[in-house]
Amino acid sequence: MIKVHHLNNSRSQRVLWLLEELGLDYEVVRYQRDPVTNLAPPELLKVHPLGKSPVISDGDMVIAESGTIMEYIARVRGGGRFVPKESAANYWDYMHWMHYAEGSAMLPLLLSLYTSRLGEAAAPLGPRITSEIMNHFGYMNTALATRPFFAGDEFSVCDMQMSFPIEAFSSGGKLAAFSNLDSFLKRIHARPAYARALERGGLYTIGT
Ligand SMILES: N[C@@H](CCC(=O)N[C@@H](CS)C(=O)NCC(=O)O)C(=O)O
(Lines give C-alpha, C1' and ligand atoms only; values in the text may rest on other atoms or scores of the structure.)
Protein backbone atom coordinates (compact mmCIF):
# COMPACT_ATOMS: atom_id res chain seq x y z
CA MET A 1 0.00 0.00 0.00
CA ILE A 2 1.21 3.54 -0.71
CA LYS A 3 2.40 5.44 2.35
CA VAL A 4 2.23 9.23 2.10
CA HIS A 5 4.69 11.01 4.37
CA HIS A 6 2.46 13.98 4.94
CA LEU A 7 3.65 17.29 6.37
CA ASN A 8 0.77 19.33 7.75
CA ASN A 9 -0.35 22.30 5.66
CA SER A 10 1.86 21.54 2.69
CA ARG A 11 2.19 20.37 -0.90
CA SER A 12 1.51 16.79 0.13
CA GLN A 13 -2.17 17.73 0.39
CA ARG A 14 -2.42 17.43 -3.40
CA VAL A 15 -1.02 13.87 -3.25
CA LEU A 16 -3.82 12.88 -0.86
CA TRP A 17 -6.26 14.55 -3.23
CA LEU A 18 -5.04 12.48 -6.21
CA LEU A 19 -5.28 9.26 -4.18
CA GLU A 20 -8.85 10.17 -3.23
CA GLU A 21 -9.72 10.97 -6.87
CA LEU A 22 -8.43 7.53 -7.85
CA GLY A 23 -10.11 5.75 -4.94
CA LEU A 24 -6.85 4.04 -3.93
CA ASP A 25 -6.09 2.78 -0.44
CA TYR A 26 -3.23 4.58 1.25
CA GLU A 27 -1.71 5.22 4.63
CA VAL A 28 -0.92 8.70 5.92
CA VAL A 29 2.22 9.05 8.06
CA ARG A 30 2.00 12.44 9.74
CA TYR A 31 4.74 15.01 10.37
CA GLN A 32 4.24 18.41 11.99
CA ARG A 33 6.03 21.60 10.99
CA ASP A 34 8.12 23.29 13.66
CA PRO A 35 5.80 25.93 15.17
CA VAL A 36 8.54 28.59 15.13
CA THR A 37 10.51 27.94 11.93
CA ASN A 38 7.68 26.28 9.97
CA LEU A 39 10.27 23.75 8.74
CA ALA A 40 9.77 19.99 8.48
CA PRO A 41 10.81 17.88 11.49
CA PRO A 42 14.11 15.91 11.27
CA GLU A 43 12.16 12.59 11.19
CA LEU A 44 11.49 13.23 7.49
CA LEU A 45 15.24 12.94 6.84
CA LYS A 46 14.93 9.27 7.74
CA VAL A 47 12.56 8.81 4.80
CA HIS A 48 14.45 10.83 2.15
CA PRO A 49 17.77 12.77 2.26
CA LEU A 50 16.08 16.10 1.41
CA GLY A 51 13.83 15.88 4.47
CA LYS A 52 10.90 17.44 2.59
CA SER A 53 7.33 16.53 1.90
CA PRO A 54 5.70 15.07 -0.06
CA VAL A 55 7.49 11.75 -0.11
CA ILE A 56 5.78 8.45 -0.73
CA SER A 57 6.87 4.90 -0.27
CA ASP A 58 5.41 1.98 -2.15
CA GLY A 59 7.01 -1.31 -1.11
CA ASP A 60 10.78 -0.70 -1.20
CA MET A 61 10.50 2.31 -3.46
CA VAL A 62 10.73 5.83 -2.07
CA ILE A 63 9.73 8.72 -4.35
CA ALA A 64 10.20 12.42 -3.62
CA GLU A 65 9.19 15.53 -5.63
CA SER A 66 5.49 16.05 -6.08
CA GLY A 67 5.45 16.00 -9.90
CA THR A 68 7.13 12.59 -9.95
CA ILE A 69 4.88 11.31 -7.18
CA MET A 70 1.74 12.45 -8.98
CA GLU A 71 2.86 10.85 -12.26
CA TYR A 72 3.82 7.61 -10.52
CA ILE A 73 0.54 7.29 -8.66
CA ALA A 74 -1.64 8.16 -11.66
CA ARG A 75 0.25 6.12 -14.25
CA VAL A 76 1.49 3.12 -12.27
CA ARG A 77 -1.16 2.72 -9.58
CA GLY A 78 -4.09 4.55 -11.16
CA GLY A 79 -4.04 2.91 -14.59
CA GLY A 80 -3.44 6.25 -16.33
CA ARG A 81 -6.69 7.83 -15.16
CA PHE A 82 -6.58 11.65 -15.28
CA VAL A 83 -3.53 11.51 -17.61
CA PRO A 84 -3.99 12.21 -21.35
CA LYS A 85 -2.67 9.54 -23.68
CA GLU A 86 0.72 10.29 -25.23
CA SER A 87 -0.92 10.37 -28.65
CA ALA A 88 -3.51 12.96 -27.54
CA ALA A 89 -3.30 16.49 -28.90
CA ASN A 90 -3.15 17.95 -25.39
CA TYR A 91 -0.46 15.60 -24.03
CA TRP A 92 2.42 18.10 -24.21
CA ASP A 93 0.22 20.83 -22.84
CA TYR A 94 -0.45 18.53 -19.91
CA MET A 95 3.30 17.91 -19.47
CA HIS A 96 4.00 21.63 -19.68
CA TRP A 97 1.73 22.37 -16.70
CA MET A 98 3.03 19.36 -14.77
CA HIS A 99 6.55 20.82 -14.91
CA TYR A 100 5.58 24.48 -14.85
CA ALA A 101 3.89 24.33 -11.43
CA GLU A 102 7.07 23.67 -9.46
CA GLY A 103 9.64 24.69 -12.10
CA SER A 104 8.32 28.18 -12.81
CA ALA A 105 5.16 29.24 -10.96
CA MET A 106 6.50 28.62 -7.45
CA LEU A 107 9.79 30.51 -7.89
CA PRO A 108 8.56 34.13 -7.62
CA LEU A 109 6.23 33.15 -4.77
CA LEU A 110 9.11 31.63 -2.82
CA LEU A 111 11.32 34.64 -3.57
CA SER A 112 8.57 36.88 -2.25
CA LEU A 113 8.21 34.77 0.90
CA TYR A 114 11.94 34.67 1.63
CA THR A 115 12.70 38.31 0.83
CA SER A 116 9.74 39.47 2.95
CA ARG A 117 11.81 38.42 5.95
CA LEU A 118 14.62 40.80 5.00
CA GLY A 119 12.60 43.99 5.41
CA GLU A 120 14.13 47.07 3.76
CA ALA A 121 17.21 45.13 2.65
CA ALA A 122 15.06 43.35 0.07
CA ALA A 123 13.54 46.55 -1.37
CA PRO A 124 15.68 46.55 -4.58
CA LEU A 125 14.34 43.09 -5.46
CA GLY A 126 10.68 43.92 -4.84
CA PRO A 127 9.69 45.32 -8.26
CA ARG A 128 11.25 42.43 -10.18
CA ILE A 129 9.62 39.82 -7.95
CA THR A 130 6.23 41.54 -8.19
CA SER A 131 6.46 41.85 -11.97
CA GLU A 132 7.37 38.15 -12.26
CA ILE A 133 4.40 37.17 -10.08
CA MET A 134 2.13 39.26 -12.31
CA ASN A 135 3.75 37.81 -15.44
CA HIS A 136 3.19 34.21 -14.31
CA PHE A 137 -0.27 34.65 -12.84
CA GLY A 138 -1.34 36.60 -15.93
CA TYR A 139 -0.09 33.73 -18.07
CA MET A 140 -1.98 31.11 -16.04
CA ASN A 141 -5.12 33.25 -15.99
CA THR A 142 -5.04 33.67 -19.79
CA ALA A 143 -4.56 29.92 -20.24
CA LEU A 144 -7.89 29.36 -18.51
CA ALA A 145 -9.76 32.01 -20.52
CA THR A 146 -10.94 29.49 -23.09
CA ARG A 147 -11.03 26.22 -21.17
CA PRO A 148 -12.05 25.04 -17.70
CA PHE A 149 -8.90 23.03 -16.98
CA PHE A 150 -5.22 23.49 -17.77
CA ALA A 151 -5.00 20.69 -20.32
CA GLY A 152 -8.39 21.42 -21.90
CA ASP A 153 -11.97 20.40 -21.21
CA GLU A 154 -11.08 17.46 -19.00
CA PHE A 155 -9.85 17.58 -15.43
CA SER A 156 -6.39 15.98 -15.21
CA VAL A 157 -3.44 15.46 -12.87
CA CYS A 158 -1.88 18.73 -14.03
CA ASP A 159 -4.82 20.60 -12.45
CA MET A 160 -3.97 19.01 -9.10
CA GLN A 161 -0.30 19.87 -9.59
CA MET A 162 -1.18 23.47 -10.53
CA SER A 163 -3.52 23.89 -7.56
CA PHE A 164 -0.71 24.53 -5.08
CA PRO A 165 0.87 27.69 -6.56
CA ILE A 166 -2.60 29.13 -7.19
CA GLU A 167 -3.76 28.36 -3.65
CA ALA A 168 -0.48 29.67 -2.25
CA PHE A 169 -1.00 32.98 -4.05
CA SER A 170 -4.72 33.27 -3.42
CA SER A 171 -4.76 34.39 0.21
CA GLY A 172 -5.86 37.91 1.03
CA GLY A 173 -7.99 38.32 -2.10
CA LYS A 174 -5.00 38.40 -4.45
CA LEU A 175 -6.90 36.49 -7.14
CA ALA A 176 -9.36 39.36 -7.63
CA ALA A 177 -7.38 40.43 -10.70
CA PHE A 178 -7.23 36.84 -12.01
CA SER A 179 -10.86 35.80 -12.25
CA ASN A 180 -10.23 32.65 -14.30
CA LEU A 181 -7.90 31.33 -11.61
CA ASP A 182 -10.43 32.23 -8.94
CA SER A 183 -13.12 30.27 -10.82
CA PHE A 184 -10.69 27.39 -11.28
CA LEU A 185 -10.11 27.18 -7.51
CA LYS A 186 -13.87 27.20 -6.87
CA ARG A 187 -14.30 24.42 -9.46
CA ILE A 188 -11.64 22.15 -7.96
CA HIS A 189 -12.62 22.86 -4.35
CA ALA A 190 -16.13 21.63 -5.16
CA ARG A 191 -14.86 18.16 -6.04
CA PRO A 192 -15.86 15.54 -3.44
CA ALA A 193 -12.37 13.97 -3.54
CA TYR A 194 -10.82 17.33 -2.65
CA ALA A 195 -13.01 17.49 0.46
CA ARG A 196 -12.23 13.88 1.39
CA ALA A 197 -8.49 14.60 1.08
CA LEU A 198 -8.85 17.57 3.43
CA GLU A 199 -10.46 15.27 6.00
CA ARG A 200 -7.55 12.82 5.70
CA GLY A 201 -4.84 15.50 5.68
CA GLY A 202 -6.03 17.76 8.47
CA LEU A 203 -5.89 21.53 8.70
CA TYR A 204 -4.86 23.10 5.38
CA THR A 205 -4.82 26.87 5.53
CA ILE A 206 -2.78 27.61 2.40
CA GLY A 207 -4.81 29.95 0.29
CA THR A 208 -7.45 30.71 2.88
N1 LIG B 1 9.46 20.95 -5.36
C2 LIG B 1 9.26 20.12 -4.18
C3 LIG B 1 9.16 21.03 -2.95
C4 LIG B 1 9.13 20.26 -1.66
C5 LIG B 1 9.00 21.21 -0.49
O6 LIG B 1 9.71 22.22 -0.40
N7 LIG B 1 8.10 20.89 0.42
C8 LIG B 1 7.85 21.73 1.57
C9 LIG B 1 6.39 21.60 2.01
S10 LIG B 1 5.28 22.47 1.00
C11 LIG B 1 8.68 21.29 2.76
O12 LIG B 1 8.88 20.12 2.95
N13 LIG B 1 9.05 22.27 3.58
C14 LIG B 1 9.65 22.04 4.85
C15 LIG B 1 11.13 22.27 4.89
O16 LIG B 1 11.72 22.68 3.88
O17 LIG B 1 11.69 22.05 5.95
C18 LIG B 1 7.99 19.28 -4.39
O19 LIG B 1 7.11 19.71 -5.14
O20 LIG B 1 7.90 18.17 -3.87
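The values are calculated or read from the model by the stated rules, or taken from the named source; none is laboratory data. Computed from a predicted model, the values in this text were never measured in an experiment. Quick reminder, even Gly has a Cβ in these numbers, built from the backbone with ideal geometry, and neighbours come from all protein chains shown.
Only one of Ala145, Ala168, Ala122, Ala176 is of a type in the set (Gly, Ala, Ser), within 22 Å of Leu7 (Cα to Cα) and outside the structural domain of Asp25 (by TED's automatic domain parsing). Can you tell me which?
On the way: Ala145 fails: within 22 Å of Leu7 (Cα to Cα); Ala122 fails: within 22 Å of Leu7 (Cα to Cα); Ala176 fails: within 22 Å of Leu7 (Cα to Cα).
Just one listed residue meets the conditions, Ala168.
For the stretch 7-46, which positions are part of a strand (DSSP E or B), within 23 Å of Asp159 (Cβ to Cβ) and near the ligand (Cβ under 10 Å from one of its atoms)? Even if it seems obvious, please write down each step before you answer.
Going residue by residue through the stretch 7-46, those that are part of a strand (DSSP E or B) are 7, 26-31.
From the residues that got through so far, the ones that are within 23 Å of Asp159 (Cβ to Cβ) too are 7, 26, 28.
Passing the criteria: only Leu7.
In this structure, is Gly67 within 14 Å of the ligand (Cβ to nearest atom), out of contact with any Ser or Thr (no Cβ under 8 Å at 6 or more places or on another chain) and either at positive phi or in a loop (DSSP other than H, G, I, E, B) (or both)?
On the way: within 14 Å of the ligand (Cβ to nearest atom): yes; out of contact with any Ser or Thr (no Cβ under 8 Å at 6 or more places or on another chain): yes; either at positive phi or in a loop (DSSP other than H, G, I, E, B) (or both): no.
No: the conditions fail for Gly67.
Only one residue in Asp159, Asp182 is surrounded by 16 or more Cβ atoms within 10 Å (Cβ to Cβ), assigned to a helix (DSSP H, G or I), free of Cβ contacts under 8 Å to residues at least 24 places away in the same chain and of a type outside the set (A, V, I, L, M). Which one?
Among Asp159, Asp182, only Asp182 is surrounded by 16 or more Cβ atoms within 10 Å (Cβ to Cβ), assigned to a helix (DSSP H, G or I), free of Cβ contacts under 8 Å to residues at least 24 places away in the same chain and of a type outside the set (A, V, I, L, M).
For the stretch 148-158, indicate whether the set of residues that are at pLDDT 95 or above, assigned by TED's automatic domain parsing to the domain that holds Ala105 and within 16 Å of the ligand (Cβ to nearest atom) is non-empty. Outline the logic, then answer.
The first filter runs over the stretch 148-158 and keeps only residues at pLDDT 95 or above, leaving 148-158.
Filter again for assigned by TED's automatic domain parsing to the domain that holds Ala105, leaving 148-158.
Still in the list and also within 16 Å of the ligand (Cβ to nearest atom): 157-158.
Within the stretch 148-158, one or more residues are at pLDDT 95 or above, assigned by TED's automatic domain parsing to the domain that holds Ala105 and within 16 Å of the ligand (Cβ to nearest atom).
Which members of the stretch 185-208 meet the condition of being within 21 Å of Tyr31 (Cβ to Cβ) and either assigned to a helix (DSSP H, G or I) or of a type in the set (A, V, I, L, M) (or both)?
Arg196, Ala197, Leu198, Glu199, Arg200, Gly201, Leu203, Ile206 - these are the residues of the stretch 185-208 that are within 21 Å of Tyr31 (Cβ to Cβ) and either assigned to a helix (DSSP H, G or I) or of a type in the set (A, V, I, L, M) (or both).
Being over 18 Å from the mean Cα position of the chain (by Cα) and either near the ligand (Cβ under 9 Å from one of its atoms) or among the acidic types (Asp, Glu) (or both) is the filter here; which residues of the stretch 51-61 pass it? Show your work before the answer.
Restricting attention to the stretch 51-61, the residues satisfying the condition of being over 18 Å from the mean Cα position of the chain (by Cα) are 57-61.
Asp58, Asp60 - these are the residues of the stretch 51-61 that are over 18 Å from the mean Cα position of the chain (by Cα) and either near the ligand (Cβ under 9 Å from one of its atoms) or among the acidic types (Asp, Glu) (or both).
Being of a type outside the set (Lys, Arg) and more than 24 Å from Asp93 (Cβ to Cβ), is that true of even one residue in the stretch 149-171? If you could, list the steps in order and put the result at the bottom.
Initial filter on the stretch 149-171 (of a type outside the set (Lys, Arg)): 149-171.
Imposing the further condition that a residue be more than 24 Å from Asp93 (Cβ to Cβ) reduces the set to 171.
Taking every residue of the stretch 149-171 in turn, at least one turns out to be of a type outside the set (Lys, Arg) and more than 24 Å from Asp93 (Cβ to Cβ).
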